[in-house]
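Notes to accompany the following structure.
Here, each number is a calculation from the coordinates, and none is a lab measurement. Since the structure is predicted, the reported quantities are computational estimates derived from the model, not experimental observations. Positions of Cβ are generated from backbone atoms using ideal geometry, with glycine treated the same way; all protein chains shown enter the neighbour counts.
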Amino acid sequence: MNIAIYGKQFGDDYIPSIEFLLRQMQNEGFTLHVYAKFAAWLSERIPSVQNLHTFNQIVEVLPCKALISIGGDGTLLDSVTVVQNTGVPILGINTGRLGFLSNISSSQIIDAIDALKADRYHLDHRALIEVNAPGVDFGDFNYALNEVTIHKKETSSMIAIHANMEEHYINTYWADGLIISTPTGSTAYSLSCGGPIVMPGTESWIFTPIAPHNLNVRPLVVPNTKTIRLRAEGREIQFLLTLDSRAFTIDHETEVEIKNAPFEIALINLEHQYFFNTIRKKMMWGIDKRN
């Protein structure tokens, strides 16, 4: 049974846990395929683990039961670009800080391995945003799981972002930038800019301006069934367009088209892991510290 593993560098404190993870999965009969760059880094830290296959593209290990992302939420977002539209579900082992998406702690490794072996887990399907912009090379993956953002690049001045939903004009946002977030991303950058928490599975996007000049321009929730078009202008001629952690440069004439992606990403959650449990535990949502 093939398991793909993707990750980034982590602190020495996590080496025993990750070594245990790899050894235990091999003992349980899983065939491990490690992303080549990560495998090179692991071999220097955990030389005792042998018989690790490597891969550069997920198609090399199909069929594959799951991809294990080792790192924080940023690493899991990067692993989405590896999985792409293959349908391989992602399980996140957290070696970062918050671990909202990558929500399996070191103490839960045995539970996670047992769940994979016994198919004792549930899949949480998450929508993505598809982005198209003339002249911008997104590589082979023009999608975002958390959010798409247009942001000022090399100026302290505000920019104006004109937003349209198909034939309807929405608004012009005078701000440092504008976030278009999925429900998954509603607990990330959008939340830090005052956006609402939206439950995953809700067919919507959230428009959240970044430091807006007009105080009456509030975050907006819209259906994700429509095509959105954005165009930025300002004193500078170039702006920053980000898809999760990937950044690209656009100019003032570029029209950015946003629509719902034709596929979803599946995240593996253990039996006790659900959205409301996670936001209470990770974000102290609704927790009364007096008790």
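Tabulated data for the structure shown
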quantity: Potential extension, Arg229-Lys37 segment - 0.36 nm per residue separation minus Cα distance; calculated: 65.5 nm
quantity: Percent of C-alpha pairs per 10 Å bin, segment 2-119, short to long; calculated: 14, 52, 33, 1
quantity: Sorted peptide list for 194-207, 90-103, criterion being average Cβ within 10 angstrom, highest first; calculated: 90-103, 194-207
quantity: Per-residue [θ]222 nm for the chain (sum of -39500 (n - 2.57) over DSSP H runs n ≥ 4, rounded to 500); calculated: -5500 deg cm²/dmol
quantity: Cα centroid of segment 82-145 to Cα centroid of segment 199-236, whole Å; calculated: 24
quantity: Coarse-grained scattering of segment 123-212 at q = 0.17 Å⁻¹, given as base-10 log I(q)/I(0) from a Debye sum over alpha-carbon atoms; calculated: -0.80
quantity: Three-way shape label, segment 204-261, alpha-carbon gyration tensor, a/c 1.5; calculated: oblate
quantity: Förster radius 22 Å - calculated FRET efficiency between Asn27 and Gln57 (Cβ-Cβ, nearest 0.05); calculated: 0.20
quantity: Spatial extent of the chain: Rg and Dmax, with the Cα atoms as the point set, Å; calculated: 20.3, 60
quantity: Contour minus Cα-Cα distance for Asn85 and Arg120 (0.36 nm per residue); calculated: 10.3 nm
